[in-house]
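**Student:** This is the structure I have questions about; it appears just below.
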Amino acid sequence: MHLFTDIHSLQGFLTAYKYAGKKIGLVPTMGALHSGHLSLIEKARQECDLVVCSIYVNPTQFNNPNDLVHYPRTVSSDRQLLESVNCDVLFLPDDQVMYPQKTLLKFDFGYLEHVMEGKYRPGHFNGVATVVSKLLHIVKPDQVYFGQKDLQQFAVIRQLVTDLSFGVQLVCCPIIREKDGLAMSSRNVRLTANDRALAPLLYQSLQLAQKWASAMSVEQVKEAVARHLAATAGIQLEYFEIVDSYTLQPVKEVDEHEMVSLCIAAYIGEIRLIDNIFLNNSANYK
Ligand SMILES: Nc1ncnc2c1ncn2[C@@H]1O[C@H](COP(=O)(O)OP(=O)(O)OP(=O)(O)O)[C@@H](O)[C@H]1O
Ligand SMILES: CC(C)(CO)[C@@H](O)C(=O)[O-]
Ligand code: BAL
């Protein structure tokens, strides 16, 4: 695997592939890689001639400084994992490379960021859009791969890519889970043993809500999920929403929308985790 830490050398390397008409796939990550990330690399491996993974813990998307300081960083095992799935290129920039000056960019994603992650993590999507724009400019991939776990991020990036005519194809990959249903996440390693035992409750709540949604109103399902989680000390629900999978806006009735998702965010002890499932019609989400 080729390792690049600066933009000039990376672009020099990629030029030959672009001239030869090779298809380039980009998988942006913040490292501390797990099988969820590797599934994105593997999908890119199947569909592209050259697979580039970026690892960069992007400070501008962290609304909580404590979360940034404690974000797991495991570069040497990340490199081994990337080798194991035949990733071609690792782009590993530092803050000076990505932000040689304080960025003044401001994005406004309107209604897309007034709910859920945007509401509870002010400035988060501005930081995500900034760094994803930079990565797309730097690598100029044909395809870029993201996980459904960050569903709202995917919707924001869809808007960004169209608004700014990036001309890249977005690919949304399914959520990879632990055996007990917990969505894989880099932050899971920060859970205490007790909290790790509680964490599968998030996915269990989504599954219950999916069942309840066939017989109850949206409001009743939301209340039932809140009650279900309130019964467990150690879990603090931040939001549970039933949303249109594209606009991310809360729905009043499930039947009025072609694609609906159930989305949850909660603190398990000190650690904030998110998860979601498609309620219906999950095939071919783009
Ligand atoms: N369990 C998973 N299954 C599939 N894709 C995932 C999973 N977890 C993360 N991803 C995707 O991997 C990409 C990089 O995510 P990131 O590096 O933030 O990892 P993460 O596990 O989501 O970490 P954290 O949630 O702690 O920020 C994103 O597109 C994200 O949606
Ligand atoms: C897309 C991303 C790599 C941007 O920092 C990050 O938000 C993530 O890992 O989902
Ligand atoms: N996976 C989303 C990155 C974040 O939580 O900041």
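**Student:** Is there a residue in segment 122-129 that is within 15 Å of ligand 2 (Cβ to nearest atom), open to solvent by less than 40 Å² (accessible area, probe 1.4 Å), in contact with a strand residue (DSSP E or B) (Cβ under 7 Å, 6 or more places away or on another chain) and within 23 Å of D95 (Cβ to Cβ)? Walk me through how you get there before you give the answer.
**Tutor:** Here is the first cut: in segment 122-129, the ones within 15 Å of ligand 2 (Cβ to nearest atom) are 123-129.
This time we only want the ones that are open to solvent by less than 40 Å² (accessible area, probe 1.4 Å), so: 124-129.
Filter once more, keeping what is in contact with a strand residue (DSSP E or B) (Cβ under 7 Å, 6 or more places away or on another chain): none.
No; the residues of segment 122-129 include none that is within 15 Å of ligand 2 (Cβ to nearest atom), open to solvent by less than 40 Å² (accessible area, probe 1.4 Å), in contact with a strand residue (DSSP E or B) (Cβ under 7 Å, 6 or more places away or on another chain) and within 23 Å of D95 (Cβ to Cβ).
**Student:** Could you go through segment 93-106 and let me know if any residue there is touching a helix residue (DSSP H, G or I) at 6+ places or on another chain (Cβ under 6 Å) and within 16 Å of ligand 3 (Cβ to nearest atom).
**Tutor:** No, that holds for no residue.
**Student:** Looking at segment 4-59 only, could you name the residues that are more than 16 Å from ligand 3 (Cβ to nearest atom), in contact with a helix residue (DSSP H, G or I) (Cβ under 6 Å, 6 or more places away or on another chain), small (G, A, S) and outside any strand (DSSP E or B)?
**Tutor:** Within segment 4-59, none qualify.
**Student:** While we're here: Is it the case that M184 is closer than 26 Å to N284 by Cβ, touching a helix residue (DSSP H, G or I) at 6+ places or on another chain (Cβ under 9 Å) and at pLDDT 95 or above? Talk me through it step by step, then tell me what you get.
**Tutor:** Numbers: closer than 26 Å to N284 by Cβ: yes; touching a helix residue (DSSP H, G or I) at 6+ places or on another chain (Cβ under 9 Å): yes; at pLDDT 95 or above: yes.
Here the answer is yes, as M184 does meet what is asked.
**Student:** Filter segment 85-113 down to the residues that are part of a helix (DSSP H, G or I) and either closer than 30 Å to D244 by Cβ or touching a residue at least 12 places away in the same chain (Cβ under 8 Å) (or both), then identify the one that is nearest to ligand 2 (Cβ to nearest atom). It would help to see each step written out before you state the result.
**Tutor:** Of segment 85-113, the ones part of a helix (DSSP H, G or I) are 95-98, 110-113.
Pick out the ones that are also either closer than 30 Å to D244 by Cβ or touching a residue at least 12 places away in the same chain (Cβ under 8 Å) (or both) and you get 95, 97-98, 110-113.
Details: D95: 13, V97: 14, M98: 10, G110: 19, Y111: 20, L112: 15, E113: 13 Å.
Per the criteria, the residue is M98.
**Student:** Are any residues in segment 60-74 assigned to a loop (DSSP other than H, G, I, E, B) and touching a helix residue (DSSP H, G or I) at 6+ places or on another chain (Cβ under 8 Å), and if so, which ones?
**Tutor:** The first filter runs over segment 60-74 and keeps only residues assigned to a loop (DSSP other than H, G, I, E, B), leaving 62-64, 71-74.
Of everything in segment 60-74, those that are assigned to a loop (DSSP other than H, G, I, E, B) and touching a helix residue (DSSP H, G or I) at 6+ places or on another chain (Cβ under 8 Å) turn out to be F62, N63, Y71, P72.
**Student:** Let me ask you something else. Could you say which residue among L14, L68, L26 is farther than 16 Å from L136 by Cα and either more than 14 Å from the chain's Cα centre (by Cα) or within 16 Å of ligand 2 (Cβ to nearest atom) (or both)? Let's see the steps before the verdict.
**Tutor:** Values: L14 fails: farther than 16 Å from L136 by Cα; L26 fails: farther than 16 Å from L136 by Cα.
Result: L68 is the single residue among L14, L68, L26 that is farther than 16 Å from L136 by Cα and either more than 14 Å from the chain's Cα centre (by Cα) or within 16 Å of ligand 2 (Cβ to nearest atom) (or both).
**Student:** Tell me, which residue of segment 145-162 that is more than 11 Å from ligand 3 (Cβ to nearest atom) and open to solvent by 40 Å² or more (accessible area, probe 1.4 Å) is farthest from L112 (Cα to Cα)?
**Tutor:** It comes out as T162.
Residues are listed down the side, and each one gets a yes or a no for (1) free of Cβ contacts under 8 Å to residues at least 60 places away in the same chain; (2) under 18 Å from the mean Cα position of the chain (by Cα); (3) within 24 Å of L33 (Cα to Cα); (4) open to solvent by less than 30 Å² (accessible area, probe 1.4 Å):
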position: N188; (1), (2), (3), (4): no, yes, yes, yes
position: Y203; (1), (2), (3), (4): no, yes, yes, no
position: A230; (1), (2), (3), (4): yes, no, no, no
position: G234; (1), (2), (3), (4): yes, no, no, no
position: D275; (1), (2), (3), (4): no, yes, yes, yes
position: N280; (1), (2), (3), (4): yes, no, no, no
position: A283; (1), (2), (3), (4): yes, no, no, no
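**Student:** From the list E178, E241, E219, which one is more than 22 Å from the chain's Cα centre (by Cα) and of a type in the set (D, E)?
**Tutor:** E219
**Student:** Can you say whether R177 is under 19 Å from G31 (Cα atoms), of a type outside the set (S, T, N, Q) and within 12 Å of ligand 2 (Cβ to nearest atom), as far as the supplied structure shows? Steps first, answer last, please.
**Tutor:** On the way: under 19 Å from G31 (Cα atoms): yes; of a type outside the set (S, T, N, Q): yes; within 12 Å of ligand 2 (Cβ to nearest atom): no.
No.
The values are calculated or read from the model by the stated rules, or taken from the named source; none is laboratory data. Not measured: the values here are computed from a predicted model. Virtual Cβ from ideal backbone geometry, glycine too; neighbours counted across all protein chains shown. We work out accessible area using only protein heavy atoms, side chains counted, and drop any ligands, DNA or RNA first. Shrake-Rupley method; radii C 1.70, N 1.55, O 1.52, S 1.80 Å.
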